[in-house]
1. Cα-Cα over 25 Å: which of K60/K95; K107/K200; K65/K107; K65/K95; K95/K146; K60/K107?
2. Taking the dipole about the Cα centre of the chain, with the C-beta of Lys and Arg at +1 and of Asp and Glu at -1, give me whichever of V247, A337, I376 is farthest to the positive side.
3. Students often check this: by mean Cβ neighbours within 10 Å, which of 141-153, 160-172, 250-262 ranks highest, and how do the rest follow?
4. Using a 1.4 angstrom probe on the protein heavy atoms only, could you order V241, V122 from most to least accessible area?
5. Given region 128-231, what percent of its DSSP beta bridges are antiparallel, to the nearest 5?
6. Calculate, for T263 and Q347, the FRET efficiency according to 1/(1 + (r/R0)^6) with r their C-beta to C-beta distance and R0 25 Å; round to the nearest 0.05.
7. Might you report the magnitude of the Cβ-based charge dipole of the chain about its Cα centre, with Lys and Arg at +1 and Asp and Glu at -1, to the nearest 20 debye?
8. Looking only at the chain, where both bridge partners belong to it, what percent of the DSSP beta bridges are antiparallel (to the nearest 5)?
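The values are calculated or read from the model by the stated rules, or taken from the named source; none is laboratory data. Treat the numbers as computed from the prediction; the structure is a model and nothing was measured. Cβ: placed from backbone, ideal geometry, glycine included. Neighbour counts: every protein chain shown. In case anyone asks, the SASA skips ligands and DNA or RNA and just uses the protein heavy atoms, side chains included. Shrake-Rupley method; radii C 1.70, N 1.55, O 1.52, S 1.80 Å.
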Amino acid sequence: MSERVIPLVDQRVAALTAPRPTQPVPATGLLGDALGRPLRDLRISVTDRCNFRCNYCMPKEVFDKDYPYLPHSALLTFEEITRLARQFIAHGVQKIRLTGGEPLLRKNIEVLIDQLAALRTVDGEPLDITLTTNGSLLARKARALKDAGLRRVTVSLDGLDDAVFRRMNDVDFPVADVLEGIAAARAAGLGPVKVNMVVKRGTNEHEILPMARHFRGSGVVLRFIEYMDVGATNGWRMDEVLPSADVVQIIRTELPLVPLEHTATGETAERWGYAGADGRHDPALGEIGVISSVTQAFCRDCNRARLSTEGRLYLCLFASNGYDLRSLLRGGADDTAIASAIGAIWQGRSDRYSEQRASLPPDAGTGARRVEMSYIGG
Ligand code: SF4
């Protein structure tokens with residue numbers, strides 16, 4: 001059993017001040033970071049709370065009843081989130097993913113989705129609005145989310161074996177209810193539904209084939225995620241990582257797979273299609289994805305920014321600090337100043353943690369702890 005680390009310092013306190021560049025950074029939709037990567041994908045965490053305690057993300061020993069969750073007054077309001085989203089869109093964002101914690105715990109989230117759905121990209125196109133959920137509330141909410149303008153959902157499910165899943169979510173939540181949520185999302189037209197399974201060696205790798213069999217030919221896209229060293233509390237160890245190459249091999253022992261092209265630049269998943277009798281991809285059988293942040297880093301195309309629930313801009317999932325945009329919002333800054341600050345921050349971005357992981361000391365030499373995934377979303 002790996003050693004858990006109780007966070008001594010609440011890194012949420014140490015926000016970076018958002019710059020006020022003397023030369024405004026115009027919002028042209030063509031912004032690039034220091035490595036030439038555009039800003040296309042914004043992940044917005046709408047709550048730091050969750051009703052699960054998945055041990056690779058929000059271990060119960062740390063995130064207990066005494067954990068200092070954010071007071072409601074600290075959270076960005078829906079109007080503030082939408083105002084910030086407008087500035088990110090002006091810089092080129094085309095896709096918004098709502099995350100958490102568990103985003104469906106945020107009351108009236110449909111109101112936010114409705115506001116975001118009214119926005120248009122710099123090319124006048126509707127935004128691609130999606131949401132990542134643990135599925136626990138999806139059966140009840142799917143229809144309303146769709147009606148509000150949500151396009152797609154990604155549901156986390158780490159196994160079909162009820163005992164394994166209950167152990168991993170650590171709140172005794174049954175698989176059946178998540179499957180019901182997936183069915184409701186599909187019935188509401190929130191598709192294609194994606195299912196994310198975090199694979200942790202020694203915990204659930206025996207669930208890989210049952211999951212693949214279950215979702216093959218169902219229209220649901222199953223993705224296997226390598227267990228990551230996110231945050232500072234999950235006690236991550238490399239020997240608990242099952243490389244994606246092994247996952248693909250395990251599936252191929254029974255179900256033939258063929259490699260597929262990426263669908264978009266910056267896509268995190270490597271796609272594999274189920275082959276038919278002719279050995280070629282059979283779309284009716286569908287596909288899987290593997291997301292390999294540990295063994296096959298994909299930082300070179302990373303076009304993702306993350307906004308925490310209290311308005312901090314993080315430039316990488318493995319960052320330690322974020323830029324405080326809420327002070328600009330609540331301090332009277334106008335939209336041009338806020339857009340300029342976002343532009344200046346992105347222009348200076350050179351994050352590529354996963355590419356550097358193997359060569360970095362445990363705390364990346366900064367002494368600062370990495371931000372928790374439950375705080376800025378996956
Ligand atoms: S490690 Fe950071 S820079 Fe690399 S892909 Fe992940 S979020 Fe992007």
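1. Distance filter (> 25 Å) returns K60/K95; K107/K200; K65/K95.
2. Highest projection toward the positive end goes to A337.
3. Result, highest mean first: 141-153, 160-172, 250-262.
4. Result of the area sort, largest leading: V122, V241.
5. Here the share of antiparallel DSSP bridges comes out near 0 percent.
6. Plugging the Cβ-Cβ distance into 1/(1 + (r/R0)^6) gives 0.35.
7. The dipole magnitude comes to about 620 debye.
8. 30 percent
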